[in-house]
Amino acid sequence: MAAALAAAFVRGLAGFGMAILLVPVLGLAIPPREAVVVANWLGLLIGLVGLRKIIGQSERSAFHIAALAVVATPAGVWLLAVTDPALARMLIALIALASFVLVLLPKRPAHHLPGAAETGVTGLLSGVLTGFAGMPGPPVVPYYLRRAIPPQLARASMMTIFLVTSAAGVVAALALGVATWREPLLAAMLFPAVLLGNWLGAKAFGKVGEAVWRSFTGIVLGLAAAAALYRLLQA
């Protein structure tokens, strides 16, 4: 419950990070495939909160990325189903670490506009990672945070993508027989903490400046990377 509250606060403030922070913690208590499905259920439920607002503030690229991610999500679910749990835990930790490394790359020029190839690869990778790790963020976060765009635009665009990918992850898991009745039950138990954390994070977002917001997003990814590295060293 504490992890869900903290991860949802990060999501409400940064626009991402809930799955990156929550899935590794859940994976310590339940099998990785269950942790991923629970994260997708929670992402779907919380994504419906404020849906009209975030869609209205999103960049058009968000809808292209989301559509491609939906197509690629079943491939990620299949990979999760056939991967050994110990290997899945390690790969999920590496994904969290990679997200931080990508954001550290140099910023794009102020006039940079991603092309069709970059947008397409981002969408396909996001879908695969949604199904495999419940983490659509590693390709999406650098796509927006490395560009000189307003935080409101980046945050809303990421939230729109994560809502769609969460829904795709749930549907694919059900269709491929990876999901059971346990995941929605656990998601329902955790959702009050997620709802509260997200509300607190959203309130904080309206009170911080762009420099503070960008610093916070970097810290979030740094902590996730540190936790991932620790997990790998303990393996």
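Here are some notes:
- Maximal additional length on extending the TRP78-LYS203 stretch stands at 41.2 nm, based on 0.36 nm per residue less the C-alpha distance.
- Take the chain with all the other protein chains still there, run a 1.4 Å probe, and you get 45 Å² of accessible area per residue.
- A straight line joining the Cα centroids of the range 167-213 and the range 16-53 runs 5 Å.
- With Cα atoms, 0 to 90° folded angle of helix 210-234 axis to the chain main axis: 30
- Accessible carbon and sulfur surface of the chain relative to its total accessible area, %, 1.4 Å: 74
- Solvent-accessible surface of protein heavy atoms, probed at 1.4 angstrom with all chains present, puts VAL170, VAL212 in the order VAL212, VAL170, largest first.
- Projected area, mean over directions - the range 84-235, Cα convex hull, nm²: 10.4
- In nm, spacing of pseudo-spin labels at PHE63 and LYS107 (7 Å Cα→C-beta vector): 2.9
- Exposure check, 1.4 Å probe, all protein chains in place: LEU200 carries approximately 70 Å² of accessible surface.
The values are calculated or read from the model by the stated rules, or taken from the named source; none is laboratory data. Please read all numbers here as calculations on a predicted model, not as lab measurements. Note that we place each Cβ from the backbone using ideal geometry, even for glycine, and neighbour counts take in every protein chain shown. Note: accessible area is taken over every heavy atom of the protein model, side chains too, but ligands, DNA and RNA are not part of it. Shrake-Rupley method; radii C 1.70, N 1.55, O 1.52, S 1.80 Å.
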